[in-house]
Amino acid sequence: MSRRAPTAFPFGFLTDDRGAGADPVLVEIVQGTLTSVEAEVETAIARTSRSPMIRDAHDFRAGIHDRLLRKLTGRSYSALVHPVARDFPIEQMREGDVFFHNDVYRSEGGIGHLPDLCVTVPVLSGPEGERRVVAFVQAFGHHDDIGGAVPGSMPSGATSVFEEGLMVPPIKLWDAGVPNRAALAIMTRNSRMPESLAADLDAECSACLMGARRLGELFDRYGVEVVESCFDAIIDRTTTTYRREILSRIPVGSWTWEDYAEHDGVDEPRLHTQRITLTRTPPEDPDGERLVVDFDGTGPQARGPINHCGDYSDGVFLKKWLAPVLRNLAETPERMAELDVNEGVVPLIEMRFPEPGTLLTPVFPAPTNARTFVILRLLGVLAGVVAKAVDGQMPADQETIRYTGVYGDDADGRPYLMREVLGGGSGGRPHGDGEDTIHVVPDSRNLPTEFTEARFPFLVERLSLAVDSGGAGQFRGGLGYEKHVRMLRDAHSMSIADRSILACWGVRGGLAGSPFQVTVDPGGPREREVDALADAEPVRAGEVIRIRTTGGGGWGDPLLRDPALVVRDVVWRKVSPEAALASYGVVLTGSLDDDTLDHDAEATAAERAARPAPAEAFFDRGPGYATLAGGATHADVDLLEPAGGGTIGS
């Protein structure tokens, strides 16, 4: 039986008129200031931090929240202020206070795994003696190491959160401008990279304190009541926009779809189900026009670390995490890019969770360090279930985050850890191909080759697009990376990745993309494929690690793709000549070597006409699905209607 997750911080407004009386020009000024402050905080962190994950890969983000804990900015997703407000009375907070936490089970759903460290700074305003909290500036990011069983604090075989590192519930890290040196000493003592951790925390605390001063200037200039009225107007405008432009494109009804993580690092690979039943309510519904996202049917809690704590505070973190998927329903791609995701999406989404003990409702101390497998998959499950509702007018699947890296001792005997988040291809879309090598974390990037070769004992011999990795379709999936790293000293490689068996699905006749793969010593005497969840694969000096990341799924029947675009893709080395014929039915002529490559239109038409009719399933999961599904090529929910008919949209 699904349920709502209780919250002590329900959605609400600061003013009686929900900001309707705010000066529209001033609303734009306030919103621009919020965006500027958030960007300035992130820039300060990037310029003053030390670890590659924060400084170079940019795996962090900032957020600005009001005193009702509502996220005001839509530039990137962020953690929650809820756990800080739960444990520390807002009326007792002072200027210069900095709060810290990373405890997954005490984060109200805002922190997914222990390496994500979060700092929160209150903003105070008002006359002397009457100053009170009016907002919060927050930053959280993925840090190199916070202890635990393996370097990087992401043990793939963990069966308990106690193996994953140091857990810190909300604490006051700075008290009225004075750092808590004892707490900092405890955290750095538990890290294998203490200097990087200390420098990163100092950067984040200082940047948030700077952001609090900037935001305080806004309140001092216009007054608390005026600015808070603008906050309400910003939030309410988002709600109104999404109701008018997004919800209106989903018909009233219910649909169900599911997708899977493939392994948990402990048990043998199997289908770990994440299921969503989406219900679009009518305007006359007693509880209002909204989307009900019901996770009933999600699989049991895993023994390994792929669980995610989602059932806290009415699922407010997941609402804002999943809402960007809905932007794909905007009238144009340009309009999609204009839509912010702030707290205004929250009243439009109701979440219902299964009882404790599932992948989304784990029971302490279940491990969570690889929870990306679940929350990334949920993005695709929501996209898939919406696709069923709107005749496939949504992108195909993508998997755009995984952790790969190496660690060992350098030539001077000093330990090092290099870990990066390599992106992958996004799914083909109703209006165009997917993008190549994108990252789901806003503004994140792969590590620069010049930097890594100067700092770590290896050479990057190749960094390119992985040919044929994008799923074939009328609109092709984006391509993943292919990266070759040659080790100069003996080391160990690590990988925290999914989609090595189950590929990114294609939709409406589009085919699945290529899965993730890591190979050590390719073409050499010790060639071996490494499991996607690996903590310590030995790699000898001189051996190459080849990483191929996922391609996005294709959209639409590949036999409907313009042959000229297939020729272009072959010229651009995105599609091989063999795949042009096998996947797209395009008969090539000429040669790549002398720039005469083209296609034979009559032969192509004949080749395509001889191909069998498309499969009945609305989704293509790739060949890996059958290996985990007892030979089945698709799931029942992959059909637009169940056998024998059924209720609308099931």
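So Cys205 passes all but one of these: (1) in contact (Cβ under 8 Å) with a residue 60 or more places away in the chain; (2) within 25 Å of the chain's Cα centre (by Cα); (3) under 29 Å from Pro367 (Cβ atoms); (4) open to solvent by 40 Å² or more (accessible area, probe 1.4 Å). Which condition number does it fail?
(4)
Answer yes or no as to whether Ala198 is without any contact (Cβ under 8 Å) to a residue 24 or more places away in the chain and surrounded by 16 or more Cβ atoms within 10 Å (Cβ to Cβ).
Criteria met by Ala198.
Enumerate the pairs (first residue in the range 462-482 and open to solvent by 40 Å² or more (accessible area, probe 1.4 Å); second residue anywhere and of a type in the set (A, V, I, L, M, F, W, C) and part of a loop (DSSP other than H, G, I, E, B)) with beta-carbon separation below 9 Å, excluding pairs fewer than 6 apart on the same chain, so at least 6 apart or on different chains.
Leu465/Leu479; Leu465/Trp572; Val467/Leu479; Val467/Val575; Asp468/Leu479; Asp468/Val575; Phe475/Ala396
Which is basic (Lys, Arg) and within 30 Å of Val520 (Cβ to Cβ), of Arg548, Arg561?
Only one candidate qualifies: Arg548.
Pick out the one residue from Val566, Val571 that is surrounded by fewer than 21 Cβ atoms within 10 Å (Cβ to Cβ) and in contact with a Leu (Cβ under 9 Å, 6 or more places away or on another chain).
On inspection, the qualifying residue turns out to be Val571.
Are there any pairs with C-beta distances below 6 angstrom linking a residue in the range 95-123 that is in contact (Cβ under 8 Å) with a residue 24 or more places away in the chain and open to solvent by less than 10 Å² (accessible area, probe 1.4 Å) to a residue that is part of a strand (DSSP E or B) and polar (S, T, N, Q), with the two at least 6 apart or on different chains, and if so which?
Filtered contacts from the range 95-123: Phe99/Thr120; Thr120/Gln138.
Return the pair list, or none, for Cβ contacts closer than 6 Å from residues in the range 363-380 that are under 15 Å from Gly165 (Cβ atoms) and open to solvent by 10 Å² or more (accessible area, probe 1.4 Å) to residues that are outside any helix (DSSP H, G or I) and not aliphatic (A, V, I, L, M), at least 6 apart or on different chains.
From residues that are under 15 Å from Gly165 (Cβ atoms) and open to solvent by 10 Å² or more (accessible area, probe 1.4 Å), the pairs are Pro365/Ser160; Arg371/Gly112; Arg371/His113; Arg371/His308.
Could you run through the range 446-461 and say how many residues are open to solvent by 50 Å² or more (accessible area, probe 1.4 Å) and in a strand (DSSP E or B)? Lay out the reasoning, then the answer.
Initially, the range 446-461 is screened for residues open to solvent by 50 Å² or more (accessible area, probe 1.4 Å), giving 448, 450, 453-455, 459, 461.
Narrowing the set further to residues that are in a strand (DSSP E or B) leaves 459, 461.
Count: 2.
For the range 222-326, which fully contained strands (runs of 3 or more DSSP E) count at least 3 residues that are aliphatic (A, V, I, L, M)?
Qualifying strands (runs of 3 or more DSSP E): 291-294.
Condition (residue is assigned to a helix (DSSP H, G or I) and under 16 Å from Val123 (Cα atoms)) applied to the range 167-175: is it met by at least one residue?
Checking the range 167-175: not a single residue is assigned to a helix (DSSP H, G or I) and under 16 Å from Val123 (Cα atoms).
Let me spell it out: the conditions are (1) surrounded by fewer than 24 Cβ atoms within 10 Å (Cβ to Cβ); (2) free of Cβ contacts under 8 Å to residues at least 40 places away in the same chain; (3) at negative phi, and Gly129 meets all of them except one. Which number is the exception?
The failed condition is (3).
Conditions: (1) assigned to a loop (DSSP other than H, G, I, E, B); (2) touching a Ser or Thr at 6+ places or on another chain (Cβ under 8 Å); (3) over 16 Å from His142 (Cβ atoms). Thr159 meets all but one. Number of the miss?
(2)
Taking strands (runs of 3 or more DSSP E) that fall entirely within the range 509-579, which contain at least 1 residues that are closer than 16 Å to Leu465 by Cα, aliphatic (A, V, I, L, M) and under 26 Å from the mean Cα position of the chain (by Cα)?
Fully inside the range 509-579 and qualifying: 517-520, 544-548.
Scanning for something within 26 Å of the chain's Cα centre (by Cα), in a helix (DSSP H, G or I) and crowded, with 20+ Cβ neighbours inside 10 Å, does the range 177-190 turn up at least one residue? Can you show your working first?
Of all residues in the range 177-190, those within 26 Å of the chain's Cα centre (by Cα) come to none.
No, the conditions are met nowhere in the range 177-190.
Please specify each residue of the range 578-622 satisfying the condition of being open to solvent by 80 Å² or more (accessible area, probe 1.4 Å) and aliphatic (A, V, I, L, M).
The initial filter retains those residues of the range 578-622 that are open to solvent by 80 Å² or more (accessible area, probe 1.4 Å), namely 578, 593-595, 602, 609-610, 612-616.
Answer for the range 578-622, where residues must be open to solvent by 80 Å² or more (accessible area, probe 1.4 Å) and aliphatic (A, V, I, L, M): Ala609, Ala610, Ala613, Ala615.
The values are calculated or read from the model by the stated rules, or taken from the named source; none is laboratory data. None of the values given here were measured: they were computed from a predicted structure. Reconstructed Cβ throughout: ideal geometry from the backbone, glycine too, with neighbour counts over all protein chains shown. These accessible areas exclude ligands, DNA and RNA; they are computed on the full protein's heavy atoms, side chains included. Shrake-Rupley method; radii C 1.70, N 1.55, O 1.52, S 1.80 Å.
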